[in-house]
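Written out below as structure tokens is the structure these notes cover.
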Amino acid sequence: MYVNEVVVCVFHVIYIYIVRVHHSMMSQPRKLKILMLHGFRQNKPGFYDKTGGLRKFLKSKCELIYCDAPNEVIKPDFLAASSVDDADSTTSAAQQGEVEKGWWLRCLDPRWPVVEESQNGFDKSLKCIESAFNEFGPIDGILGFSQGASLTSLLCAISEANANNEPIEIFNRRYETIRFNFCLIIAGHKSTQK
């Protein structure tokens, strides 16, 4: 599927939500607030640039709020020394000379630096997302790409539990402000996060 087709599909999903649900619920409709979560080895400025077509389509109906993952990805020697990067090179922040980020750091490839389970940064990411909800809320939806999509699926469980007044405790903390009405998961994958 081409990028323009993805943009059009995303636009249609959001437009249907705006017309059928959002506007019917509010006497004075406001712009939808959508939290944008980038993929592994990307960052906020890079994701902002890559979603320019989507921003253009949605500028009159939505406010896109970009969030930067809190964990810096340290490239292993086998990638740093290589002149040809891996398959993610087209989405890598390093190409723009920027810091690569991740929502959590865990890789089963033994060539990557070992990250202890307790030090993988997932807790920092949940706090980062909670801060975005506190600062910009109410947030209507989340659009996640790749690792950001995997995180979005986990955030759906948190949001659903909060909506049912049964908050989930994660890392000895409840993230009760994380509530949203819809999500768009693009190129997500099963998380290995426990």
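The values are calculated or read from the model by the stated rules, or taken from the named source; none is laboratory data. A quick note: this is a predicted structure, and the numbers were derived from the prediction, not measured. Heads up, the Cβs are rebuilt from the backbone with ideal geometry, glycines too, and the neighbour counts pull from every protein chain shown. Please note that ligands, DNA and RNA were not included when accessible areas were found on the heavy atoms of the full protein model with its side chains. Shrake-Rupley method; radii C 1.70, N 1.55, O 1.52, S 1.80 Å.
Over all other residues within a Cβ to Cβ distance under 12 Å of Pro70, the charged ones net out to 0, with Lys and Arg as +1 and Asp and Glu as -1. Rolled with a 1.4 Å probe across the full set of protein chains, the surface gives Arg179 an accessible area near 110 Å².
Given a 1.4 Å probe and heavy atoms of the protein chains only, how would you sort Lys75, Lys56, Lys50, largest accessible area at the top? Don't skip to the end; give the middle numbers.
Numbers: Lys75 60, Lys56 155, Lys50 95 Å².
Ranked from most to least accessible, the order is Lys56, Lys50, Lys75.
Listed by chain and number, the lysines whose C-alpha is less than 22 Å from the C-alpha of Lys101, apart from same-chain residues fewer than 8 away, are Lys44, Lys50, Lys75, Lys124, Lys127, Lys190, Lys194.
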